[in-house]
Amino acid sequence: MKKETKCVHSGSYVDPNTKGINTPIFTSSVFEYLDSDKQPYPRYFNTPNQEVVVRKLCDLEDAEDGILFSSGMAAVSTTMFALVQQGDHVILQDELYGGTHAFVAHQFERLGIEFSFVPTDAKEITKAITDKTKLIFVETPTNPLLSIMDLHKVAQIGKGNNIITVIDNTFASPINQNPLQLGIDVVIHSGTKYLGGHSDICCGIALTRKNIANRIKKTALNFGGSLNATTCSLLERSLKTLSLRVERQTENAAKVAAFLDNHSAIKQVYYPGLKSHDGHDLAKSQMHGFGAMTTFELASNTLNSLDFLRNLQLIKPALSLGGIESTICSPAMTSHRKMSAAERERIGVTDGLLRLSIGIEHSDDLIVDLEQALSV
Ligand SMILES: *Cc1c(COP(=O)(O)O)cnc(C)c1O
């Protein structure tokens, strides 16, 4: 089946009594155990509502099994703790989601796990490998500059050195990129973003082969970051429109990026779909679509980013991303504010840089809003 069909039908639970079209919400945390070989319990990651969502996402990412968590960070942290231990070494990209960066920086040293941050370049990963390296963690497209990492090469490096490879695939979503098909071992999503898509739930998932999933599940039982039935149900409902939403968002993003690219008040646009983007060819070869995130830098002398954000009437200055409504934020003022100005400058996160998450509004309306905010 194609993805559009999987979004609607995969994993569906049919209630034998009513034959209702939708999965009922099983609010029970307690299930009778006589005459049943299975004991569902929310923290065992095996309730009907959890399993329905996992099956749908397994189909969308070509995974054998998955573990559904109460946040993206629960998925990231539990997966890493399940796959490495004291004395091991982990290689991570330095352009990572801020929460993942902070998790590694705050927790690993204390637990005796070694780590190296490397630039978004597969050659840099090879250079950083030691005989203790057990895990490679990448993210592509990256936040906020949408750099592209070569997933084929990362997968080869992992296989050649017996190192597990993990990707945070949140920005692409399963509609625009399927890393397991390229040989990556584990895919993680913050479901809070495109999977949920309506800016109203928090969740995360790790998707992989059966044997790795079993290792993650074992650790997850101890850490306990499982997802409740009501949120599972909201997520299942959201996933039915995932391909519709992300395809429209991606189309809109291409149009908005082209508009920004031609505007004199914009210094630079970072969108993998633009030929001028460093990672364009690579993105074309490993993604099905270029995604719905667009980052750009104002030509600053005339307009500062705060004034620009206040001028916007339709696009909302807000953190987070992936919702049906377009949102925009200044990484220098939000996700990267704790870095020094010099460090921000070094990695390209300037004060005039803005990260735009494109929604499903009509692209003409988004462009009109950007145009008026740039010319006030
Ligand atoms: C938001 C996000 C996360 C963390 O997800 P939460 O659901 O907020 O815990 C991880 N990775 C990326 C790329 C994200 O955008």
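The values are calculated or read from the model by the stated rules, or taken from the named source; none is laboratory data. Because the structure is a prediction, the values reported are computed rather than measured. FYI the Cβ positions are ideal-geometry reconstructions off the backbone, even for glycines, and counts take in every protein chain you see. Heavy atoms of the whole protein, side chains included, go into the accessibility calculation; ligands, DNA and RNA do not. Shrake-Rupley method; radii C 1.70, N 1.55, O 1.52, S 1.80 Å.
So is ALA122 more than 13 Å from the ligand (Cβ to nearest atom), touching a helix residue (DSSP H, G or I) at 6+ places or on another chain (Cβ under 7 Å) and closer than 23 Å to ILE347 by Cβ or not?
Yes, satisfied.
Only one residue in ASN143, ASN162 is more than 16 Å from the ligand (Cβ to nearest atom), out of contact with any helix residue (DSSP H, G or I) (no Cβ under 6 Å at 6 or more places or on another chain), within 21 Å of PHE115 (Cα to Cα) and assigned by TED's automatic domain parsing to the domain that holds ASP88. Which one?
ASN162
Tell me the residue from SER335, SER320, SER375 that is open to solvent by 20 Å² or more (accessible area, probe 1.4 Å) and over 22 Å from SER199 (Cβ atoms), please.
Being open to solvent by 20 Å² or more (accessible area, probe 1.4 Å) and over 22 Å from SER199 (Cβ atoms) holds for just one of SER335, SER320, SER375, which is SER375.
Count, please, the residues in segment 103-149 that happen to be at positive phi and open to solvent by less than 10 Å² (accessible area, probe 1.4 Å).
Residues flagged as at positive phi and open to solvent by less than 10 Å² (accessible area, probe 1.4 Å) within segment 103-149 amount to 1.
When segment 177-198 is examined, which residues are found to be away from the ligand (no atom under 11 Å from the Cβ), under 17 Å from ARG245 (Cβ atoms) and either of a type in the set (Lys, Arg) or open to solvent by 10 Å² or more (accessible area, probe 1.4 Å) (or both)?
Scanning segment 177-198 gives a single hit, HIS198.
Suppose the filter is surrounded by fewer than 19 Cβ atoms within 10 Å (Cβ to Cβ) and more than 21 Å from the chain's Cα centre (by Cα); does SER305 pass it?
Taking the combined requirement at face value, the residue does not satisfy it.
Among the candidates GLY204, GLY224, GLY279, single out the residue that is within 16 Å of the ligand (Cβ to nearest atom), among the small types (Gly, Ala, Ser) and over 25 Å from SER10 (Cα atoms).
Residue meeting the stated conditions: GLY224.
GLN249 passes all but one of (1) in contact with a Leu (Cβ under 9 Å, 6 or more places away or on another chain); (2) under 28 Å from MET149 (Cα atoms); (3) buried (at least 23 other Cβ atoms within 10 Å of the Cβ); which number fails?
(1)
Within segment 94-113, can one find any residue that is in contact with a helix residue (DSSP H, G or I) (Cβ under 7 Å, 6 or more places away or on another chain), away from the ligand (no atom under 15 Å from the Cβ) and either part of a loop (DSSP other than H, G, I, E, B) or closer than 30 Å to LEU235 by Cα (or both)?
Within segment 94-113, not a single residue is in contact with a helix residue (DSSP H, G or I) (Cβ under 7 Å, 6 or more places away or on another chain), away from the ligand (no atom under 15 Å from the Cβ) and either part of a loop (DSSP other than H, G, I, E, B) or closer than 30 Å to LEU235 by Cα (or both).
Could you run through segment 1-60 and say how many residues are within 20 Å of LEU244 (Cβ to Cβ), open to solvent by less than 60 Å² (accessible area, probe 1.4 Å) and not hydrophobic (A, V, I, L, M, F, W, C)?
8
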